[in-house]
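Report on the following structure.
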Amino acid sequence: MHYYQFNIGDYQSHTAHLSEMEDLAYRRLLDWYYLHESPIPLDAGEVARQIRMRSHSDSIAIVLQEYFERTADGWIHHRADIEIEKVGEKSVKASASAKARWNKAKDANALPTQSDSNATHNTLPITQDTKHKKENKRGSRLAQDFCLTKEWIEFCVSQRPDLHPAQTFDQFKDYWTAQAGQKGVKLDWDATWRNWVRSTHAPKRNPADIVRFTVPSKNEPDPALEKIKADEKTTRPPNLAELERMAQLRRKA
């Protein structure tokens, strides 16, 4: 074990009577026991060498006699054995759980059989298509190394034969690569190119070409027009007396 719990209160209550060297020997013996997960050797000299306390064999002997049990295999510590066993059980459970997750993941990633394919063929494309659409919604900037494509040239020639495709593209690229921030991010650069071609040097509409319609403000007939129509109905040619009178007036004038 490279890690074990250390209860400070429990340790102090059981070791308050130890001297500094005895306390150091006990701590080092515990570290060695947990690290190797095996009994401490019976050879006192070897033990002192293992925990780097060769000149304090008496302190080591006191600690071993008080806190450890001598067996044929070496000195053992019952409390430490319980903790080591707990960790071993946890390790076995964790390993089994990890193995189960791994097997589940392998089964999920395995190639489907013919029957499985019939049941799941509709779900995978939808998932992939949804992911693709989400990525597209983020938009992108026009790459500095982007070049004029054949499709873009054909669209420019067909829609605006008066434009030079290469020159128009250079203006398009310089403009959009210079745009800072979100303004330079577009969702569909093909559509942006088409709009650019349509609007570049597009002829302006002549106001004189706009057809204007005059619509009466009301549906009622025009009074002036109605009066003219009425006068036309009442108009008659002059009689002889009126003609003679008109001739006299012209002579006097």
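The values are calculated or read from the model by the stated rules, or taken from the named source; none is laboratory data. This one's a predicted model, so the numbers in the text were calculated from it and none came from an experiment. Positions of Cβ are backbone-derived with ideal geometry, glycine not excepted, and every protein chain shown enters the neighbour counts. What goes into the accessible areas is simple: the full protein's heavy atoms, side chains included, and nothing from ligands, DNA or RNA. Shrake-Rupley method; radii C 1.70, N 1.55, O 1.52, S 1.80 Å.
Once the Cα-Cα distance is subtracted from the 0.36 nm per residue extended length, the residue 183 to residue 71 segment shows a gain of 32.3 nm. Of the accessible area of the range 32-90, computed with a 1.4 Å probe over protein heavy atoms only, carbon and sulfur atoms account for 50 percent.
Length available on full extension from residue 21 to residue 52: 0.36 nm per residue minus the Cα-Cα distance, which gives 10.0 nm.
Think of a 1.4 Å ball rolled over the protein heavy atoms: the range 24-95 then has 61 Å² of accessible area per residue.
Given a Förster distance of 35 angstrom, what is the FRET efficiency for residue 102 paired with residue 78, based on the Cβ-Cβ distance and rounded to 0.05? That gives a FRET efficiency of 0.45.
The modelled label-to-label distance between residue 85 and residue 146, using points 7 Å beyond Cα along the C-beta direction, is 7.0 nm. Fully extending the segment from residue 228 to residue 166 would add 15.6 nm, taking 0.36 nm per residue of separation and subtracting the current Cα-Cα distance.
Sorting the segments 26-34, 92-100, 43-51 by their residues' average number of neighbouring beta-carbon atoms within 10 angstrom, most packed first, yields 26-34, 43-51, 92-100.
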